[in-house]
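To start, the structure itself, in structure tokens.
The values are calculated or read from the model by the stated rules, or taken from the named source; none is laboratory data. For clarity, every value in this text was computed on a predicted model and none was experimentally measured. With ideal geometry, Cβ positions are generated from the backbone for all residues, glycine too; neighbour counts draw on all protein chains shown.
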Amino acid sequence: MSNTRPSPEPRSAYRAFIPITTRWMDNDVYGHVNNVVYYSWFDTAVNGYVIAQGALDIHAGASIGLVVETQCHYFSPIAFPQKVTAGIRVAHIGTSSVRYEVGLFADDEPMTAAKGHFVHVYVDRAHRRPMPLPPALLQTVQALRA
């Protein structure tokens, strides 16, 4: 494991962008968005993107994505009512899993205020057993590959 602290990244490091709306309730008593909200933004950005691409049917599709790993590095605070943009890319595609990486940009800033990743394992909806990535999802995540 490296002891090097991750650094902010530019927008050019990401393949797709999703606008995120901050809410009054996102701020904590310290006057900035609470850390748990960032993980929600990661999930919203990735799932919103793959759903919009027609690659995931959350209501009736044969597969669903379960988060098995997640991490976030924070560089500068975000607070309501700032505008946030989530940049997404894919770092790894396995047989049944995808490692998504997400960078969060505050307002029109050129560098990430935070960045992180999460891994989805795609499983059969009924039995919750890993299954190969469906063709539409595989095509979508390949287009996001870093």
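Which residues, counting only those in segment 1-35, are touching a residue at least 60 places away in the same chain (Cβ under 8 Å), out of contact with any Leu (no Cβ under 8 Å at 6 or more places or on another chain) and closer than 26 Å to Ala52 by Cβ?
Glu9, Pro10, Arg11, Ala13, Tyr14, Phe17, Ile18, Pro19, Thr21, Thr22
Can you list residue pairs whose Cβ atoms sit under 6 Å apart, with the first residue in segment 98-117 being on the phi < 0 side of the Ramachandran plot and of a type in the set (D, E, K, R) and the second being crowded, with 21+ Cβ neighbours inside 10 Å and in a strand (DSSP E or B)? Count only pairs 6 or more apart in sequence or on different chains.
From segment 98-117, the pairs are Lys115/Gly103.
Starting from segment 127-143, keep only residues that are free of Cβ contacts under 8 Å to residues at least 40 places away in the same chain and of a type outside the set (S, T, N, Q), then list their pairs with residues that are assigned to a loop (DSSP other than H, G, I, E, B) and surrounded by fewer than 12 Cβ atoms within 10 Å (Cβ to Cβ) whose Cβ atoms are within a distance under 7 Å, requiring at least 6 positions of separation or different chains.
Here the result reads Pro132/Thr95, each pair linking segment 127-143 to a residue that is assigned to a loop (DSSP other than H, G, I, E, B) and surrounded by fewer than 12 Cβ atoms within 10 Å (Cβ to Cβ).
Considering only residues of segment 21-55 that are aliphatic (A, V, I, L, M) and closer than 17 Å to Thr70 by Cβ, which is modelled with the lowest pLDDT?
Val36
Search segment 77-89 for residues that are at positive phi and without any contact (Cβ under 8 Å) to a residue 24 or more places away in the chain and pair each with any residue that is of a type in the set (D, E, K, R) and surrounded by 14 or more Cβ atoms within 10 Å (Cβ to Cβ) when their beta-carbon atoms are under 6 Å apart and the residues are at least 6 apart or on different chains.
Note: no pairs meet the criteria.
For the list (1) over 13 Å from the mean Cα position of the chain (by Cα); (2) touching a residue at least 60 places away in the same chain (Cβ under 8 Å), I need the number of the one condition that His92 fails.
Failing condition for His92: (2).
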